[in-house]
Amino acid sequence: MGDTACLSDGRPWHDYYAQFSEFSDATVRPGCQPWVFTHATPAAKAVVLCHGLTDSPYFLKAIGRYFHHQLGYDVYLPLLQGHGLKKPKGMEGVQLEAWKANVDFAVRTAAGKAASVSIGGLSTGGTLSVYTACTDPTITGDLFLFSAALDLAGGPGGVIGEMKERLLLTPLADLLDSDAPLIGPNPYRYARMDMDGARELARLIKETDALLSGFDTAHPFPTRVFAAHSESDTTADIQGIRNLRQKTPDQRFEAFIIPRKKAVPHASLVLAEPIFASHAKPGDPPLETANPMFAEMMEAVANFVNQAS
């Protein structure tokens, strides 16, 4: 089936495989494919949603489905280099430039059909989205951030997180890597954080920080921003979102902050349903819990989108 056809619940994005030879039906784990939700007649608005480090487009499918079904967008979920593979080979050779190319292809594809293109993502995907919104004039729509990794979390004031970012940019980071397999019980993400990928995230954070330093109250961040974050997030520091908010006019920034008492972890923020192990038995606990405020979060997204209409 060609990528111009329309299925109500989306479909694997096979044209993406033609662009990036690393990916194919033979190499990508079932459920981790790049994904699209499109209409029979191209929508006026499209959004590119980027997944996070170690995970896959599956994590963004519930959000993508909402954008498509409830908000009328065409939706593109790219798969980042080194991710979602049956044989990830320790993510050796993964490069930030390749991730940027993955996102650029998705943006170009969306822009070829839609009048307005928005971008967003989870964690590393959120950081890539900020970078792209700053550098690609094709992004004429909004920015949607979900647990965006603009800063790594850790320590009072994020001091330990800052130290982590600096360490990852040195050769010492390789000494922290593990030989444990990346494929584990989770069908939609790797079992551990690979240091090669973490190094590229640290590079991305540094580049994004440099771009954002050019904005202030006199020269504000130009894109409308919706940012969802959990106060329980121990991976991405919420201070990164607060810093972006200070650079964005109030009328162009909407924050959806999940209180600590809800205990929503980093990646769970984007999940409408829990994720269970590949061979889970009835009664087994999930590997990833669902966000109990997912519906409220997406209603907030809808209100944000409608404010611009």
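The values are calculated or read from the model by the stated rules, or taken from the named source; none is laboratory data. This one's a predicted model, so the numbers in the text were calculated from it and none came from an experiment. We place every Cβ from the backbone using ideal geometry, glycine too, and count neighbours over all the protein chains shown.
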Can you name the residue in the stretch 19-52 that is modelled with pLDDT of 95 or more, more than 21 Å from residue 101 (Cα to Cα) and aliphatic (A, V, I, L, M) and, of all such residues, is surrounded by the fewest Cβ atoms within 10 Å (Cβ to Cβ)?
26
Do we have residue 149 as closer than 19 Å to residue 244 by Cβ, surrounded by 20 or more Cβ atoms within 10 Å (Cβ to Cβ) and modelled with pLDDT under 95 here?
yes
Taking the stretch 182-199, which residues are more than 11 Å from residue 277 (Cα to Cα), basic (Lys, Arg) and either crowded, with 17+ Cβ neighbours inside 10 Å or more than 18 Å from the chain's Cα centre (by Cα) (or both)?
199
Taking the stretch 69-111 as the search range and keeping residues that are in a helix (DSSP H, G or I) and basic (Lys, Arg), which one is farthest from residue 138 (Cα to Cα)?
89
State whether the residues of the stretch 251-267 include one that is in contact with a Leu (Cβ under 6 Å, 6 or more places away or on another chain) and without any contact (Cβ under 8 Å) to a residue 60 or more places away in the chain.
no
Do we find that residue 13 is at pLDDT 95 or above and out of contact with any helix residue (DSSP H, G or I) (no Cβ under 6 Å at 6 or more places or on another chain) in this structure?
yes
